[in-house]
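Enquirer: Sharing a structure here in structure tokens format.
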Amino acid sequence: MTNDNKRPSFSIVITIKNDAQLLSENLPAFLHQEYEGDYEVIVVDKSSEDNTADVLDQLKTQYQQLYTTFLPKYQFQSNRQRLALTIGVKAAKHHWVVFADINTVPSPQWLQELSESTGAYSDLLLGYYQKKSGNILLQTFDEVSKASTVVSITEREHANGHQGKLLRHLRGKYDFMVVRAEKAHDALRLFDCDIKGFNLLTKRIKSTFYNMFH
């Protein structure tokens, strides 16, 4: 990995719990990026009870850009996902923070593609993997607040997160988020919101119409 100040640098934050097998299978894809800029992968363990710790220790001997931390088991029983991501953001040292999912497998050119879309006028991007073509669809927002409807629905309290396969882009079920490091805490404030009833319906309609044209 070559240091190139002209290229954006990335901190990839992944939260896990009891995901030892997925870590073994998928984490190397995040660590084996064909990218000449700086990047790191930060794994936040939400108190796993399987052999996740052993897998991470083994991977850390192979990859110097892998950093691990954890969320204590008996603290913060609510909003644990947001808190785990907050821990990851605090550990991040690069210009852009990527919230990624261990259930996905990025291509070797993934960071290179992201670097070409992180411009001076972008604060946040939402990324969707297009399974048939293998391409990435990116929604770009020049302010975090403009992504609030899509993000707050997908990351709302008691939601099923990024699950579901049909019409994922139209429904705002993005696979990853890219946000400027200094704006990451603003983005996390959109997580775990208690959205119900008419408010939820209104936001869903607004989000669907927005995604139809972006």
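The values are calculated or read from the model by the stated rules, or taken from the named source; none is laboratory data. Computed from a predicted structure; not experimentally measured. A quick note on method: Cβ atoms are made from the backbone with ideal geometry, for glycine too, and the neighbour counts reach across all protein chains shown. Protein only, heavy atoms only, side chains kept; ligands, DNA and RNA dropped before computing areas. Shrake-Rupley method; radii C 1.70, N 1.55, O 1.52, S 1.80 Å.
Enquirer: Would you check if there is a residue in the range 59-71 being farther than 24 Å from residue 180 by Cα, in a helix (DSSP H, G or I) and not basic (Lys, Arg)?
Expert: Looking for residues that are farther than 24 Å from residue 180 by Cα, in a helix (DSSP H, G or I) and not basic (Lys, Arg), one finds at least one in the range 59-71, hence yes.
Enquirer: For the range 71-85, does any single residue satisfy the condition of being open to solvent by less than 30 Å² (accessible area, probe 1.4 Å) and under 16 Å from the mean Cα position of the chain (by Cα)?
Expert: Applying the first criterion (open to solvent by less than 30 Å² (accessible area, probe 1.4 Å)) to the range 71-85 yields 71, 84-85.
Cutting the leftovers down to under 16 Å from the mean Cα position of the chain (by Cα) gives us 84-85.
Yes, the range 71-85 contains at least one residue that is open to solvent by less than 30 Å² (accessible area, probe 1.4 Å) and under 16 Å from the mean Cα position of the chain (by Cα).
Enquirer: Within the range 10-22, restricting attention to residues that are crowded, with 22+ Cβ neighbours inside 10 Å and over 15 Å from residue 177 (Cβ atoms), which residue is nearest to the chain's Cα centre (by Cα)?
Expert: Among them, the one singled out is 16.
Enquirer: Being closer than 19 Å to residue 88 by Cβ and open to solvent by less than 30 Å² (accessible area, probe 1.4 Å): is that true of residue 56 here? Steps first, answer last, please.
Expert: Working: closer than 19 Å to residue 88 by Cβ: yes; open to solvent by less than 30 Å² (accessible area, probe 1.4 Å): yes.
Judged against the criteria, residue 56 is a match.
Enquirer: Could you list, in sequence order, all residues of the range 85-122 that are among the hydroxyl-bearing types (Ser, Thr, Tyr) and assigned to a loop (DSSP other than H, G, I, E, B)? Steps first, please.
Expert: Step one: list which residues in the range 85-122 are among the hydroxyl-bearing types (Ser, Thr, Tyr), which gives 86, 104, 107, 115, 117-118, 121-122.
Result: 104, 107, 117, 118, 121, 122.
Enquirer: Could you list, in sequence order, all residues of the range 2-59 that are in contact with a helix residue (DSSP H, G or I) (Cβ under 8 Å, 6 or more places away or on another chain) and acidic (Asp, Glu)?
Expert: Result: 19, 34, 45, 50, 54.
Enquirer: Take the range 37-49 and flag every residue that is more than 18 Å from the chain's Cα centre (by Cα) and modelled with pLDDT of 95 or more.
Expert: The answer is 37, and nothing else.
Enquirer: Looking at the range 129-151, is at least one residue open to solvent by less than 70 Å² (accessible area, probe 1.4 Å), of a type in the set (A, V, I, L, M, F, W, C), assigned to a loop (DSSP other than H, G, I, E, B) and touching a helix residue (DSSP H, G or I) at 6+ places or on another chain (Cβ under 6 Å)?
Expert: no
Enquirer: What tally of residues in the range 54-85 results from selecting those that are under 16 Å from residue 17 (Cα atoms) and out of contact with any strand residue (DSSP E or B) (no Cβ under 7 Å at 6 or more places or on another chain)?
Expert: Residues that pass the stated criteria total 14.
Enquirer: Quick one: residue 37 ticks every box in (1) open to solvent by less than 30 Å² (accessible area, probe 1.4 Å); (2) touching an Asp or Glu at 6+ places or on another chain (Cβ under 6 Å); (3) under 15 Å from residue 100 (Cα atoms) bar one, so which box is it?
Expert: (3)
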